[in-house]
1. Can you tell me which residue in region B:331-345 is surrounded by the fewest Cβ atoms within 10 Å (Cβ to Cβ), limited to those that are at pLDDT below 95 and among the aliphatic types (A, V, I, L, M)?
2. Just checking, does region B:332-342 include any residue being more than 14 Å from every other protein chain (Cβ to nearest Cβ) and of a type in the set (D, E, K, R)?
3. Name the single residue that is nearest to the chain's Cα centre (by Cα) among those in region B:463-485 being more than 21 Å from B:Val260 (Cα to Cα) and small (Gly, Ala, Ser).
4. Considering B:Ser239, B:Ser202, B:Ser277, which residue is closer than 30 Å to B:Ala157 by Cβ and either under 26 Å from the mean Cα position of the chain (by Cα) or away from chain A (no Cβ under 14 Å) (or both)?
5. Would you confirm, using the coordinates I've provided, whether B:Ser48 is among the hydroxyl-bearing types (Ser, Thr, Tyr) and part of a helix (DSSP H, G or I)?
6. Determine if region A:166-174 includes at least one residue that is in a helix (DSSP H, G or I) and more than 20 Å from B:Val370 (Cα to Cα).
7. Determine if region A:47-60 includes at least one residue that is touching a strand residue (DSSP E or B) at 6+ places or on another chain (Cβ under 8 Å) and either closer than 20 Å to A:Leu252 by Cβ or aromatic (Phe, Trp, Tyr) (or both).
8. Could you figure out which of (1) within 14 Å of chain A (Cβ to nearest Cβ); (2) surrounded by 23 or more Cβ atoms within 10 Å (Cβ to Cβ); (3) part of a loop (DSSP other than H, G, I, E, B) isn't true of B:Arg324?
Amino acid sequence: MESAKNMKSPMVTPPASAPVRGGERKRVLTLSTELVLLIINLVIIIAMSLITDSFLSVYNIGNLFKQASIIGIIAISSTMVIISGGIDLSVGAVTGLTAMIAAVLMSSDRMGMAILPALLITVVLGTLIGVYHGFIIYDFHIPPFIATLGSLYILRGVIKLISEAQTIARLPEAFTTFSQGEVLGIPNMVIVWLVLAVIAQFILSNGTFGRNIYVIGSSREVARLSGIKMRQNTYAIYIAAAFLCSIAGILLTSRLASAVPGGGGGYEMAAIAAAVVGGASLSGAKGSIVGTVLGTFLMALIANAGVHLKISPFLMEIITGALLTIAVVIDQLRNRKR
Amino acid sequence: MIPNEPGSLRVAGIHKSFPGVQALDDVNLEVKSGEIHALVGENGAGKSTLIKILMGVYQKDAGEIYIDGVEAHIHSPVEAARHGLHAVYQDLVIAPELSVGENFFIGNLPMRAPGVVNWKGVYRQAGEKLKALGINVDPRRKILDLSPGEQSMVTIAKIVQGQARFMIFDEPTARLTTDETRQLFELIQRLKQNNLGIIYISHRMEEIFEICDSVTVLRDGRVVGSEQISQVTEGRLISMMVGRTIEEMYNIRRGQAGEVLLEVRGLTSAPHFKDVSFTLRQGEVLGLFGLVGAGRTNLLRAIFGANRVDRGQVVLQGKTCLIREPHQAILAGIGLVPEDRKTQGLAMPLSVSHNMNITSYKDISSAGVVHRRQERSRTEKMVQELSIRTPSVRQIVEHLSGGNQQKVAIAKWLCRDADILLMDEPTTGVDVGAKVEIYALIEGLIQRRKAVILCSSYLPEVIGLSDRILVMAEGNVTGEVTRQDANEELLLTLASRLSENGTAAKPE
């Protein structure tokens with residue numbers, strides 16, 4: 001066999017065939033999704049600064065980031081779920097519910113609990129929704145779309161029940177001022193968003209959990225046959241998603257200094273849109289948090305630009321929808337080129 | 001060239017280079033109407049480049065294409081179709097959610113009135129066309145509900161209904177069962193009788209000898225030779241392709257059989273297999289042979305915890321193990337190289353590195369964080385050892401050739417250092433060169449006192465590589481044959497022992 005081994009050597013350096021090089025080109029393209037988004041963001045910022053006087057101010061830019069941060073945190077959770085090949089339609093409702101729970105627990109009109117235990121309870125309850133999702137999606141084989149759509153309705157009902165469809169206010173001042181605070185000129189909300197984003201990106205690119213998510217997203221069968229514990233990982237994905245939404249809910253209440261029954265409404269779509277604009281693919285195994293952060297910012301930036309350019313909000317909705325469509329079309333075209 | 005050759009497709013002096021590579025170098029090839037011409041060569045030999053030039057996907061740098069002696073300029077697949085030149089690829093280009101009939105008429109459905117489809121007409125006409133080609137498929141059925149074999153028949157029928165004169169088949173049997181392959185061959189023969197010229201690309205030698213009339217061998221972008229099939233032997237063809245003889249292919253260094261690693265006792269999973277018992281020792285290759293539906297794949301998957309088991313025991317190194325999920329089998333030192341690498345073995349949209357390390361991130365991480373440097377160095381080492389042809393370890397697996405993909409699917413378990421490797425048809429859709437490399441990997445494993453169960457439908461491969469061969473028929477073990485006693489007749493007899501209808505079907 002030694003001789004046969006030697007004979008192998010001519011095959012070690014064959015002419016690289018064309019498809020292989022095409023593939024290499026693809027990798028470069030994929031890497032640049034984030035770069036393209038960054039450039040688009042910068043171009044809009046520069047253009048807006050030149051066109052309008054009101055856009056480029058510390059106040060406006062700070063506000064822009066603050067507006068983006070809550071959707072931004074939810075979009076991180078959506079991205080992880082989408083990469084795993086799933087979808088979570090309940091993120092807005094989880095955000096709304098946890099926002100309401102925090103308010104009900106702390107409001108002097110209601111339970112008047114101290115801040116820390118209230119927040120702890122809020123996060124635990126919010127995260128339990130993720131456990132429920134893991135249970136119903138993994139153990140009952142319910143497609144994530146249906147499972148979380150059901151949750152969306154259930155949780156919206158729960159919000160109305162516990163709030164009696166009222167706005168809950170009169171919250172501790174230390175809690176409501178958190179969202180107004182800043183460190184070294186950076187708003188607290190933005191710090192929370194970006195810290196969570198950095199952690200999530202690290203887990204996705206360096207964590208074994210993150211690697212597993214991509215494999216699950218590319219094929220559940222391959223993941224299972226590779227020894228990935230499907231139950232454990234499915235639970236973990238939806239628990240992480242619900243946990244992030246709980247944080248977003250708490251920030252929402254802090255920012256509004258109250259909780260409204262419709263809080264977080266429509267956030268699920270905004271979050272999914274941000275993830276998709278950021279390069280995540282609904283068929284799974286593709287996407288990054290960096291892309292999602294840039295996608296979230298781009299969506300907020302365009303909304304803000306619309307206000308400064310005094311474009312009708314109705315028209316802005318159309319523009320936002322068109323932007324999302326274009327992003328997906330470009331993604332498709334790139335896929336086809338591969 | 002003189003335009004005086006009716007009924008032929010001829011390419012002359014084709015050159016094609018990509019940056020840094022001469023993909024085709026002075027390639028000549030002639031296919032006559034009513035002839036099936038095999039095009040063989042290892043991956044990277046230039047077969048697909050040549051086909052893509054014929055189909056107008058790539059543009060040639062130099063050379064001519066003649067159809068019936070007249071030079072044809074082909075710049076796109078549409079132009080190729082206009083010249084009656086069509087290709088059938090492994091991946092089907094057909095709408096899976098639509099019916100067979102609809103697929104036939106996509107873009108020009110017969111109408112009863114503007115905007116009103118004449119469904120009766122659709123199904124009747126499609127039905128007639130299918131019947132004319134001897135294809136027995138109801139045109140009302142959805143493509144999705146057809147078997148892979150029926151799908152490819154329908155695809156071919158759809159293409160042929162246009163004015164096809166020359167058809168190119170690129171690995172058409174890769175996804176088919178024996179029966180379907182048989183039907184496909186009948187269809188191809190019928191096309192030949194209808195005076196179509198056919199270029200047939202396959203890695204499977206037995207197919208080439210069965211249906212082709214002539215053959216052209218490519219190596220490194222050059223034509224090594226063009227022969228009538230009757231003039232060559234399988235051994236000669238393979239040595240033309242790889243520059244080495246066939247005897248050396250299966251000639252691996254045997255392992256020293258050591259202690260028993262795996263013992264299976266009375267394993268049953270109705271209705272797939274029942275009462276399967278065998279032992280597997282260190283340094284041993286246990287062949288698993290059987291016809292379609294014999295239960296081999298199910299058995300491997302059951303041992304691996306991927307399929308349900310009704311009763312029976314799996315004993316690993318003396319300890320009875322309850323394996324319910326693959327991760328438990330993996331923990332116990334078992335690995336599975338599944339039958340279909342595209343849907344079971346590999347995460348296609350992910351990188352070589354990601355795929356190789358999936359099974360063993362535990363070894364190169366602490367507290368759930370992967371040591372990227374360790375990951376990279378180990379992957380690169382593996383890529384080099386297995387001579388996996390990839391531009392980098394970050395390459396997406398989907399873009400590798402079949403052989404290189406398969407090596408990645410095996411490398412997954414080498415990284416994990418699995419003691420027992422269950423290999424289900426590890427050389428399907430893999431070129432000859434990669435086959436030899438996979439055999440060398442098996443050799444390396446048994447030399448390192450690991451054990452392999454090799455499930456293969458290709459008799460020379462099972463016989464050549466195995467120390468012992470377990471033969472299955474309809475879910476039962478019908479015999480265990482040692483290396484010395486093994487021959488094709490014996491294995492086939494055992495494999496068809498329980499067949500009620502008595503017709504000894506051919507192996508998969």
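1. B:Leu331
2. Scanning region B:332-342, I find no residue that is more than 14 Å from every other protein chain (Cβ to nearest Cβ) and of a type in the set (D, E, K, R), so the answer is no.
3. B:Gly464
4. One residue alone meets the criteria, B:Ser202.
5. So B:Ser48 fits the description; yes.
6. Going through region A:166-174, the residues in a helix (DSSP H, G or I) turn out to be A:173-174.
Add one more test, that the residue is more than 20 Å from B:Val370 (Cα to Cα), and what stays is A:173-174.
Yes, some residue in region A:166-174 is in a helix (DSSP H, G or I) and more than 20 Å from B:Val370 (Cα to Cα).
7. So the first thing to find is which residues in region A:47-60 are touching a strand residue (DSSP E or B) at 6+ places or on another chain (Cβ under 8 Å), and the list is none.
Within region A:47-60 (the criterion being touching a strand residue (DSSP E or B) at 6+ places or on another chain (Cβ under 8 Å) and either closer than 20 Å to A:Leu252 by Cβ or aromatic (Phe, Trp, Tyr) (or both)), the answer is no, since none of the residues qualifies.
8. Result: B:Arg324 fails condition (2) only.
The values are calculated or read from the model by the stated rules, or taken from the named source; none is laboratory data. This is a predicted model, so every value here is computed, not measured. Ideal geometry is used to build each Cβ from the backbone, glycine not excepted, and the neighbour counts take in all protein chains shown.
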